[in-house]
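Worksheet: the structure to be examined is printed underneath.
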Amino acid sequence: MRRNQDPRGIVVLWLLGSAACGVDGVDSGPTGPSVPAARSLGAPEASALSAAGAVSGRVVDSLTGEPIAGARIHAGDAVVESEASGVFALPSSLSGVLPLRVEAPGHYVRETRVQVGSAAPVEIDLLPEGEKFDLDFFDHVYRELGEDATHRWATEPAFQILDRVLDCVELDFQGYCDVFQATDELAAEQFMSLSRQVVLDDSSPYTGGRVTGASATPVEVAPGTRIVRRDAWVRDTVRFALVQLPNDSSWASQWFYRGSGSLYSGLVMINKRHKSLRGVYSHELAHSFGYDHPRGGWEVPLPSIMRYGHGEGPEPNDLLHGAILYRRPSGSRTPDRDPEDFVLNALRGQATAAGELVERVLN
């Protein structure tokens with residue numbers, strides 16, 4: 001994987017999509033890991049909670065949705081334990097925004113923050129150690145071997161398919177195509193249909209149901225149009241293009257805000273040599289959702305679409321771990337640490353400074 005940083009350092013505000021990131025069920029498949037059931041982001045219903053205090057909530061297992069009894073919740077100088085139902089309450093003497101540390105046997109410690117005094121109850125899900133969740137795979141595919149934070153969409157992106165073949169007319173210093181020019185050749189119908197099919201079929205599995213991929217719209221490009229890669233940004237949009245490249249690669253670009261980990265836009269470039277290979281489309285689409293392979297596809301530790309030449313679409317490991325990715329706030333770190341500006345029970349629409357806009361290019 002290679003990176004280019006945008007020297008302009010654009011600073012923006014990004015809306016957090018939700019307050020809590022719990023999981024309250026599983027879908028069991030016959031051939032692979034259970035996948036956390038899709039659910040809308042939000043706090044659990046108040047009727048599910050019996051405890052009362054400065055903050056009330058419950059602790060559950062990320063994969064099963066089952067309550068965790070005896071979990072220790074550290075908030076400031078206070079330490080409380082969850083009941084048999086997973087319910088807990090923090091002392092009413094606490095106030096302000098506090099760091100929260102939640103630990104339970106057989107689970108990874110969750111570190112986050114909570115607003116004391118908020119009426120919104122919280123649901124805290126903990127990742128199990130071992131079993132079907134694999135931290136090494138999660139760190140490898142989403143966190144650059146644990147050295148970076150996660151990147152994901154906080155909103156549903158649109159999808160566009162450019163209707164003309166692009167020719168690569170200028171490379172950047174890393175050997176990636178930097179400037180394209182639209183040719184007289186219309187993109188093959190196979191490319192148009194495969195792009196639509198992969199977006200529709202694979203978006204939801206890769207994101208635990210958070211991105212539906214409901215539509216992929218063709219976009220007309222006039223012959224001779226020059227497109228500089230950095231000028232191809234379309235906010236909240238993933239673009240597909242069929243390209244004539246001087247090598248045998250297809251690749252994707254992500255643009256994201258470093259401070260928040262939120263994806264800004266994506267660009268999927270399918271080499272003409274690969275126009276009939278569905279697995280290539282699916283692999284590059286996964287890149288646009290926050291998936292990666294820092295040491296190359298051959299080094300991915302479990303079966304996954306991120307392995308070069310592996311499968312035609314999402315694998316069971318992608319379904320399980322992709323759902324976890326999209327149930328954590330953007331910018332989470334290993335093993336389960338939320339970004340410092342994230343507050344678990346903050347109101348929807350909380351804004352945070354996102355930091356510089358950064359591009360990374362992935363094969």
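The values are calculated or read from the model by the stated rules, or taken from the named source; none is laboratory data. Worth saying up front: this structure is predicted, and the values here are computed from it rather than measured. Using ideal geometry, Cβ is built from the backbone for each residue, glycine included, and neighbour counts are taken over all protein chains shown.
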Discussion item. Can you find, within region 265-295, the residue that is surrounded by the fewest Cβ atoms within 10 Å (Cβ to Cβ) among those that are under 15 Å from residue 360 (Cβ atoms) and among the small types (Gly, Ala, Ser)?
Written reply: 265
Discussion item. Can you confirm whether residue 77 is modelled with pLDDT of 90 or more, in the same structural domain as residue 340 (by TED's automatic domain parsing) and charged (D, E, K, R)?
Written reply: no
Worksheet item: Does region 99-109 contain any residue that is crowded, with 21+ Cβ neighbours inside 10 Å, part of a loop (DSSP other than H, G, I, E, B) and modelled with pLDDT under 95?
Response: no
Fill in: The one condition in (1) in contact (Cβ under 8 Å) with a residue 24 or more places away in the chain; (2) out of contact with any Pro (no Cβ under 7 Å at 6 or more places or on another chain); (3) over 27 Å from residue 203 (Cα atoms) that residue 184 fails to fulfil
(2)
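Could you tell me whether residue 295 is within 21 Å of residue 132 (Cβ to Cβ), part of a loop (DSSP other than H, G, I, E, B) and of a type in the set (Lys, Arg)?
Spelling it out, it is not the case that residue 295 is within 21 Å of residue 132 (Cβ to Cβ), part of a loop (DSSP other than H, G, I, E, B) and of a type in the set (Lys, Arg).
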Discussion item. For region 305-320, check the following and say yes or no: at least one residue is modelled with pLDDT under 95, more than 18 Å from the chain's Cα centre (by Cα), assigned to a strand (DSSP E or B) and closer than 29 Å to residue 125 by Cβ.
Written reply: no
Worksheet entry | Members of region 150-176 that are under 21 Å from residue 276 (Cβ atoms) and over 20 Å from the mean Cα position of the chain (by Cα) | 161, 162, 163, 164, 165, 166, 167, 168
Discussion item. Out of the residues in region 100-149 meeting the condition of being on the phi > 0 side of the Ramachandran plot and among the acidic types (Asp, Glu), tell me which one is farthest from the chain's Cα centre (by Cα).
Written reply: 131
